[in-house]
Amino acid sequence: MRPRSEYSEPYRIKVVEPIEATTGEEREKIIKKAGYNVFNVPSDKVCIDLLTDSGTSAMSDYQWAGMMVGDESYAGGRNFYNLKETVEEITGFKYVLPTHQGRAAENILTTILVKPGKRVLGNMHFDTTEGHIRLKGGDPVNLVIKEGLETANRHPFKGNIDIERLLSEIHACGSDGISYINITVTCNSNGGQPVSMGNIKEVSKIAKEYSIPVFFDAARFAENAYFIKKREKGYENKSISEIVKEMFSYVDGFTMSAKKDGLVNMGGIFAASDKELFRRAGEWGIIYEGYLTYGGLAGRDLEAMSRGLREVVREDYLEDRIGQVAYLGDCLLDFGVPIIEPTGGHGVYIDAKRFLPEIPQNEFPAQALVVELYIEAGIRAVELGTAAFGYKNEETEEMIYPDLELVRLAIPRRVYTDRHMHMVACALRNIKERKDRIRGLKIVYEAPVLRHFTLEFERL
Ligand code: F0G
């Protein structure tokens, strides 16, 4: 096992959670019973869980200590004021509404900003965002640069918005035809890829010219800032906090799933600079989430979130975090496993089209690889390919396949060691050696919306 670097993790481990061992034979039975869908596998039958980096972080002792000073008052609890102060200090936004998770904040934002029949432009909207935009009658449009969809292209900011396409959208439908612009930092849908400060600034400038509001989907804002520091000229000597502040200075507000860079297991935020807009958000917040100062969360959760946000912008934390993701990526490249390059912020994405070229997209190659990885070593990954994004065109009955056929290995924060990462890489190396024997899958049960959570398959 090659060491990642001469540095070690910037924390000691105080509490451990045992992992139950299963055999390959047991896992064969478990996954078959689960309809070859890892969402149906009980988590205690999973050895290394890379299904998501969302809500799976290990909290620090300081965050746990914060849980003991939860103020569970209905209104005006002290933890809300702590959170508000933290958010203002980190992002500059003073109007802050807690929500129970990210999609709840998206629900509020889209309720107040999406106009039926009008577009919401973005780099790549996350699926819950896209769902909320469509539910409110809007039309989500993805404008990520073309390099962002080329898995082997090593462009440093593959989450950037294509400025030419942005302008042509604005010219085509006029600023009245656009509800708002949503920049997802980092861009989850194509590999946790960052957006450059230059791009954020340019989008913001254009948006101002046309009076279109710009929001961040800020789930992984700190990881994005780290990439700016490492890859963008002029930012190498700035602190993460300075970079974060500058990023947020170009937008009118944000939604955030704090389950990622908030380093908590549950929580979200809506924030805006405009008082009137915030008032309207609050009206919907009260209906959907609860009173303005708790937003669907316990006071103790707000405290953990406030403390997590302060920890996530620490450079030693980010160096370790992004370094671990890069380490797994490097191990996989050493073993000849094709991944999205360069690796992004929160996970490694395997290109299943290149890994299993013999399996056509209608036989779910990425899902077949997810299944193999579970059987090989009890590792749970997630499919981001035909199962998640394929659909039937209702008029022509034709199947539409996504460009990318990916398996995401999302890395929880502060949870696994480099040895776990090495084991994941070895499992994929083993699968690669027997990949000619891997078979595709066919669907035997399918729900009408967000089908990938409950799909059931059979092996071909
Ligand atoms: N935006 C982005 C970019 C996300 O990645 C997610 C969640 C959300 C919004 C929604 O936030 O889950 O708190 O309601 N992503 C998780 C994932 C589920 O696995 O990537 P939420």
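Highest-first packing order for the peptide set 224-233, 164-173, 394-403, 99-108 is 99-108, 224-233, 164-173, 394-403, based on the mean count of other beta carbon atoms within 10 Å.
Given the rule -39500 (n - 2.57) for each run of at least 4 DSSP H residues, summed and divided by the residues of the chain, what is its mean residue ellipticity at 222 nm, to the nearest 500 deg cm²/dmol?
Values: 16 runs with 182 residues, N = 460.
It lands at -12000 deg cm²/dmol.
Panel order for LYS84, LYS432, by other beta carbons found within 10 Å of each beta carbon, from fewest to most: LYS432, LYS84. Principal axis extents of the C-alpha atoms in the stretch 61-312 (largest first, rounded to whole Å): 51, 42, 29.
Quick check for me: using +1 on Lys/Arg Cβ and -1 on Asp/Glu Cβ, what's the dipole size of the chain about its Cα centre, in debye to the nearest 20? Kindly include the intermediate steps, with their values, before the conclusion.
Numbers: 59 positive and 68 negative charges, 65 e Å.
So the dipole magnitude of the chain works out to roughly 320 debye.
Here the stretch 1-131 has an Rg and Dmax of 21.2, 55 Å, counting Cα atoms alone. Estimated from the Cβ-Cβ distance and a Förster radius of 45 angstrom, the FRET efficiency linking CYS173 and GLU25 is about 0.20.
Taking the Cα centre of the stretch 61-312 as origin and assigning +1 to Lys and Arg Cβ atoms and -1 to Asp and Glu Cβ atoms, the resulting dipole is close to 240 debye. Note on ARG434 and ASP316: their simple-model spin labels are 4.4 nm apart, each label 7 Å out from Cα toward Cβ.
Counting only whole DSSP H helices of the chain, the ones at least 24 Å long by C-alpha along their axis and with mean Kyte-Doolittle hydropathy no lower than -1.0 are 315-334.
Relative contact order for the chain: what is it in percent, counting Cα pairs under 8 Å that are at least 6 residues apart?
Working: 962 pairs, mean separation 104.5, N = 460.
Over the chain, the number comes to 23 percent.
Per-residue extension of 0.36 nm, minus the Cα-Cα distance of SER241 and ARG134, leaves a gain of 35.1 nm for this segment. Working note: Debye formula, equal point scatterers on the alpha-carbon atoms of the chain, no solvent; log10 I(q)/I(0) at q = 0.08, 0.11, 0.13 Å⁻¹ is -0.45, -0.89, -1.26. Take 422-431, 213-222, 191-200, 17-26 and order them by the average number of nearby Cβ atoms within 10 Å per residue, most first; the result is 213-222, 191-200, 422-431, 17-26. What net charge is computed for the residues neighbouring LEU97, neighbours being all others with C-beta under 15 Å from the C-beta of LEU97, Lys and Arg scored +1, Asp and Glu -1? Within the 15 Å Cβ shell, the charges total -3.
Placing unit charges on the Cβ atoms only, positive for Lys and Arg and negative for Asp and Glu, gives the stretch 88-231 a dipole magnitude near 160 debye about its Cα centre.
Net charge near GLU456, counting Lys/Arg +1 and Asp/Glu -1 over other residues with Cβ under 11 Å of its Cβ? Could the numbers behind the result be given before it?
Numbers: positive: LYS32, LYS33, LYS442, ARG451; negative: GLU446, GLU458.
Neighbour charge sum, excluding GLU456 itself: +2.
Ordered by packing density, taken as the mean number of other Cβ atoms within 10 Å over each peptide's residues, highest first, how do 278-285, 448-455, 6-13 rank? Don't skip to the end; give the middle numbers.
Values: 278-285: 18.6, 448-455: 13.4, 6-13: 10.9.
Ranked from most to least packed, the peptides come out as 278-285, 448-455, 6-13.
Just so you know, all these numbers are worked out from the coordinates, no wet-lab data involved. Please read all numbers here as calculations on a predicted model, not as lab measurements. Don't worry about glycine lacking a Cβ; one is built from the backbone with ideal geometry, like all the others, and counts go over all protein chains shown.
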